[in-house]
1. How would you order 87-97, 47-57 from highest to lowest mean count of nearby Cβ atoms within 10 Å?
2. So which of 68/104; 80/131; 65/125; 55/125 end up more than 26 Å apart by C-alpha?
3. In what sequence do 31, 77 fall when counting other Cβ within 10 Å, fewest first?
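Every number in this text was worked out from the coordinates using simple rules, so none of it is lab data. Note that the structure is predicted; figures quoted are calculated from it, not measured. With ideal geometry, Cβ positions are generated from the backbone for all residues, glycine too; neighbour counts draw on all protein chains shown.
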Amino acid sequence: MGCAVKRLLFAFCLFAIFPQARAQAAPTIETAIPTLLLSLLFVVFIIFVLAAVIKRSNLSTLGVKGLKVVTMLPLSTREKLVVVDVNGKQVLLGVTQHNINLIKELDEPLPQNVGNAVLNQSFKKIFEQVKQRD
């Protein structure tokens with residue numbers, strides 16, 4: 001790939017210095033395909049880089065203050081349990097395709113920035129409390 005980039009830079013410099021070379025060089029299929037593929041690869045690379053930057057910067061939560069999703073447990077493709085921190089108070093929500101239900105206000109907040117094993121134990125404890133309540 002480095003060789004193709006060097007060729008493109010050389011061709012660009014050559015055309016900038018000698019404009020008459022542009023009129024004489026008719027593109028052939030052998031010269032057009034590598035240029036086309038290199039351009040396509042560059043565009044795909046830029047798309048992936050921008051997607052990674054947007055994903056890491058978490059731009060979707062920039063305007064929200066006081067709300068933070070602590071953890072989420074998918075139950076199926078369309079249903080999930082979500083623990084949300086609202087100004088220091090955590091609530092357990094059931095989220096479906098058409099509505100969001102408050103299941104329980106948590107007495108003890110779940111630990112943040114821990115592994116899945118600890119969160120799974122916390123969810124298990126919450127389920128036991130909900131079952132005992134009902």
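1. Details: 87-97: 13.6, 47-57: 9.9.
Top to bottom by mean Cβ count within 10 Å: 87-97, 47-57.
2. On the way: 68/104 16 Å; 80/131 18 Å; 65/125 28 Å; 55/125 32 Å.
Long pairs (Cα-Cα over 26 Å): 65/125; 55/125.
3. Working: 31 13, 77 7.
Result, fewest neighbours first: 77, 31.
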